[in-house]
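The values are calculated or read from the model by the stated rules, or taken from the named source; none is laboratory data. Because the structure is predicted, anything quoted here is derived from the model rather than measured. No Cβ is skipped: glycine too gets one built from the backbone with ideal geometry, and neighbour counts run over all protein chains shown. Just the protein is used for accessible areas: all its heavy atoms, side chains included, with ligands, DNA and RNA removed. Shrake-Rupley method; radii C 1.70, N 1.55, O 1.52, S 1.80 Å.
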Amino acid sequence: MTEGAGIRAGDLPDDLTAAEAGMWQAFRNGTVYDLRAGSATVDDPHGGHPWGPERTVRARIVCWLLLDGPPALAGRVASLKLVGVQIKDSLDLSGGTVVPYLELKGCRFEKEVLLPEAHFTTVRFVDCSVPRLEAARVHTEGDLHLPRCRFHNGVRLTDAHIGTDLLLNQAVVYRDRRGRSLTGDGMTVGQDIQAEMMESHGELSLRSAKIGVSLSLRGALLTNSYTPLALNAPQLTVGRTLYLTPAGLGNPPLTSGATPARGTRVQRFACRGGIRLDDGRFGDAVDLERARFVFEDDQELSLRRVQTPELRFLSEHPERGRVVLSGARIVNLVDRAESWPGPGRLQMGGFGYENLVPHGRFPLTERLEWVAAATAEYNPEPYERLAAVLRNSGEDEDAREVLLAKQRRRRETLPVAAKLWGYVQDWAVAYGYRPGRAALWMAVLWAVTSVAFSHAGQPPVNGDGHPSWNASLFALDLLLPVIDLGQAGQWQLRGGWQWLAATVILLGWILATTVAAGATRLLRRS
């Protein structure tokens with residue numbers, strides 16, 4: 001019987017094998033067609049045990065059923081549900097519209113699956129062995145499920161439109177000839193991408209992808225030794241949260257989307273290769289709790305110009321590579337001291353955040369080291385940002401310490417003369433951020449000089465109408481520039497007393513100048 005003849009009446013084609021005839025009848029009946037042998041070793045789609053003709057159907061017959069299949073039996077809904085079946089040749093549904101429900105479990109494909117520009121309701125491939133999935137611009141009204149599948153030459157979902165969820169939990173995806181494992185550039189997903197405990201061996205590319213709710217890579221392993229990036233997702237838009245966090249290990253694994261309970265054995269998110277999330281937009285948070293990053297010296301975790309209400313930077317300390325936050329805009333920065341890389345491996349130019357929420361001990365001294373690590377060359381911006389955040393949270397004393405650290409860092413870039421003057425300001429009044437120190441120095445100098453001048457006994461300049469000698473007032477008149485107490489010009493000083501008076505006047509001017517500089521700085525900051 002030729003293809004198409006009698007199909008509308010439900011006749012069975014003459015050239016079908018026994019396995020295909022059974023699949024044909026199961027399709028019309030809407031039942032599961034199970035060809036498993038009952039042995040876990042034999043039935044493993046990823047194992048090496050051969051499956052004979054009794055478990056093999058031609059891809060052409062599968063396409064026939066899906067695109068132009070026979071009518072369902074009375075009271076049934078036609079659907080293709082295969083378990084433990086081997087599909088021969090390439091399954092090519094390019095550009096087709098598939099109405100029947102499609103679900104394949106534990107199946108093997110001899111050659112690639114071609115779904116570009118095809119339209120489906122829901123597609124479920126579960127625990128299947130697939131040489132390659134080519135599905136650019138595929139459109140599904142519902143889910144695209146690919147959990148526990150193995151793709152030996154990559155997956156392409158460029159510009160795909162997934163109506164609800166894309167599931168890749170525990171999938172294993174190897175690279176294609178371009179070094180990419182999964183290519184989802186420009187993809188749109190209505191709800192979630194769940195790729196928990198997935199293994200990606202190559203570049204996972206999600207450039208300009210749009211995800212309606214969350215992207216979960218809990219417990220995933222991303223590794224790429226072929227190109228610099230293991231996750232390449234600039235301009236990624238996620239409606240809620242990006243999770244690069246642990247997944248609970250159980251039977252089955254706890255991939256429900258919740259953080260594993262305390263005491264649960266977990267598998268952390270791990271990445272061997274660079275991560276690029278530049279210009280990303282995340283509605284709730286970017287969560288890096290307990291993530292492990294293994295970078296080469298030229299690789300980085302790039303969060304340039306990212307915008308999100310919360311960044312949970314709670315990962316393990318990366319031993320090599322860089323963390324780049326230049327231009328990022330964050331509301332809440334949740335972090336811990338040991339998560340940040342050391343000097344020269346952190347870049348924060350233009351990094352804006354409004355609140356600091358440290359986990360564990362994060363004293364101000366270590367926070368200042370965090371800022372210093374991000375400024376190989378002097379840059380006032382990170383210090384001023386930190387001071388503003390501390391001041392807004394009521395930590396005025398800590399804010400002053402940060403600004404003092406900024407002045408000390410700036411001092412190291414100045415010429416020798418300016419550097420010496422900076423040391424004087426620091427010693428005298430801590431650049432105006434510790435004004436009480438000036439009063440203390442003034443009091444000490446006043447006390448010392450008062451005692452010294454009490455032994456002076458100098459004659460008056462004018463024999464008539466001079467005031468009574470008062471060593472304390474005389475010393476104070478010398479110390480206070482501009483203010484005249486009527487003592488300094490009334491007495492004749494000779495020898496060493498002249499040098500002492502000149503020294504006191506000089507120290508008074510230095511203290512007054514540093515106090516004025518500090519007051520100006522305080523007023524400018526206010």
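As for the range 380-397, it holds no residue that is touching a residue at least 12 places away in the same chain (Cβ under 8 Å), open to solvent by less than 60 Å² (accessible area, probe 1.4 Å) and outside any helix (DSSP H, G or I).
Condition check ((1) in contact with a Phe, Trp or Tyr (Cβ under 6 Å, 6 or more places away or on another chain); (2) closer than 24 Å to Ala26 by Cα; (3) open to solvent by 10 Å² or more (accessible area, probe 1.4 Å)) across all residues:
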| residue | (1), (2), (3) |
| --- | --- |
| Asp92 | no, yes, yes |
| Lys105 | no, yes, yes |
| Thr122 | no, yes, yes |
| Arg132 | no, no, yes |
| Ala136 | no, no, no |
| His139 | no, no, yes |
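Summed over the range 147-158, residues that are charged (D, E, K, R) and surrounded by fewer than 20 Cβ atoms within 10 Å (Cβ to Cβ) total 1. The set of residues in the range 404-441 that are modelled with pLDDT under 70 and open to solvent by less than 50 Å² (accessible area, probe 1.4 Å) comprises Val424, Gln425, Asp426, Ala428, Val429, Ala430, Tyr431, Gly432, Tyr433, Ala438.
Please verify whether Leu414 is farther than 23 Å from Pro341 by Cβ and touching a residue at least 40 places away in the same chain (Cβ under 8 Å), treating the condition exactly as stated. Give the steps one after another, and end with the answer.
Details: farther than 23 Å from Pro341 by Cβ: yes; touching a residue at least 40 places away in the same chain (Cβ under 8 Å): no.
For Leu414, the condition - farther than 23 Å from Pro341 by Cβ and touching a residue at least 40 places away in the same chain (Cβ under 8 Å) - is not met.
When restricted to residues that are within 17 Å of the chain's Cα centre (by Cα) and open to solvent by less than 40 Å² (accessible area, probe 1.4 Å), the range 201-222 contains 13. Taking the range 272-301 as the range and being in a strand (DSSP E or B) and within 23 Å of Gly239 (Cα to Cα) as the test, the residues that pass are Ile275, Arg276, Arg281, Phe282, Ala285, Val286, Asp287, Leu301.
Answer yes or no as to whether Ala328 is closer than 26 Å to Gly212 by Cβ and in contact with a strand residue (DSSP E or B) (Cβ under 8 Å, 6 or more places away or on another chain). Taking the combined requirement at face value, the residue satisfies it. Might you check whether a residue that is under 23 Å from Val334 (Cβ atoms) and part of a loop (DSSP other than H, G, I, E, B) occurs anywhere in the range 402-419? Scanning the range 402-419, I find no residue that is under 23 Å from Val334 (Cβ atoms) and part of a loop (DSSP other than H, G, I, E, B), so the answer is no.
In the set (1) out of contact with any Asp or Glu (no Cβ under 7 Å at 6 or more places or on another chain); (2) touching a residue at least 40 places away in the same chain (Cβ under 8 Å), the condition left unmet by Gly154 is number (1).
Residues of the range 24-61 that are open to solvent by less than 50 Å² (accessible area, probe 1.4 Å), aliphatic (A, V, I, L, M), in contact with a helix residue (DSSP H, G or I) (Cβ under 7 Å, 6 or more places away or on another chain) and closer than 13 Å to Val83 by Cα: Leu35, Val57.
Screening Ser181 with (1) touching a Gly at 6+ places or on another chain (Cβ under 7 Å); (2) closer than 26 Å to Pro309 by Cβ gives one miss only, at (2).
Answer yes if at least one residue in the range 343-354 is among the polar types (S, T, N, Q), in contact with an Asp or Glu (Cβ under 6 Å, 6 or more places away or on another chain) and crowded, with 17+ Cβ neighbours inside 10 Å, and no otherwise.
Taking the range 343-354 and keeping what is among the polar types (S, T, N, Q), we get 347.
Then drop every residue that is not in contact with an Asp or Glu (Cβ under 6 Å, 6 or more places away or on another chain), which leaves none.
Scanning the range 343-354, I find no residue that is among the polar types (S, T, N, Q), in contact with an Asp or Glu (Cβ under 6 Å, 6 or more places away or on another chain) and crowded, with 17+ Cβ neighbours inside 10 Å, so the answer is no.
Any chance you could count how many residues in the range 185-200 are in contact with a strand residue (DSSP E or B) (Cβ under 6 Å, 6 or more places away or on another chain) and either crowded, with 21+ Cβ neighbours inside 10 Å or more than 19 Å from Cys149 (Cα to Cα) (or both)? Reasoning before the result, please.
Of all residues in the range 185-200, those in contact with a strand residue (DSSP E or B) (Cβ under 6 Å, 6 or more places away or on another chain) come to 185, 188-189, 193-194, 196-197, 199-200.
Narrowing the set further to residues that are either crowded, with 21+ Cβ neighbours inside 10 Å or more than 19 Å from Cys149 (Cα to Cα) (or both) leaves 185, 188-189, 193-194, 196-197, 200.
Selection size over the range 185-200: 8.
Hey, could you check the range 308-322 for residues that are more than 9 Å from the chain's Cα centre (by Cα) and surrounded by 17 or more Cβ atoms within 10 Å (Cβ to Cβ) and say which is farthest from Thr227 (Cα to Cα)? Going through the qualifying residues, I end up with Glu310.
Lys111 - would you say it is within 23 Å of Trp24 (Cα to Cα) and open to solvent by 10 Å² or more (accessible area, probe 1.4 Å)? Against the criterion (within 23 Å of Trp24 (Cα to Cα) and open to solvent by 10 Å² or more (accessible area, probe 1.4 Å)), Lys111 qualifies.
Conditions tested, residue by residue: (1) open to solvent by 30 Å² or more (accessible area, probe 1.4 Å); (2) in contact with a strand residue (DSSP E or B) (Cβ under 6 Å, 6 or more places away or on another chain).
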{"residue": "Val266", "(1), (2)": "yes, yes"}
{"residue": "Cys271", "(1), (2)": "no, yes"}
{"residue": "Ile275", "(1), (2)": "no, yes"}
{"residue": "Arg281", "(1), (2)": "yes, yes"}
{"residue": "Asp287", "(1), (2)": "no, yes"}
{"residue": "Phe295", "(1), (2)": "no, no"}
{"residue": "Leu301", "(1), (2)": "no, yes"}
{"residue": "Arg305", "(1), (2)": "yes, no"}
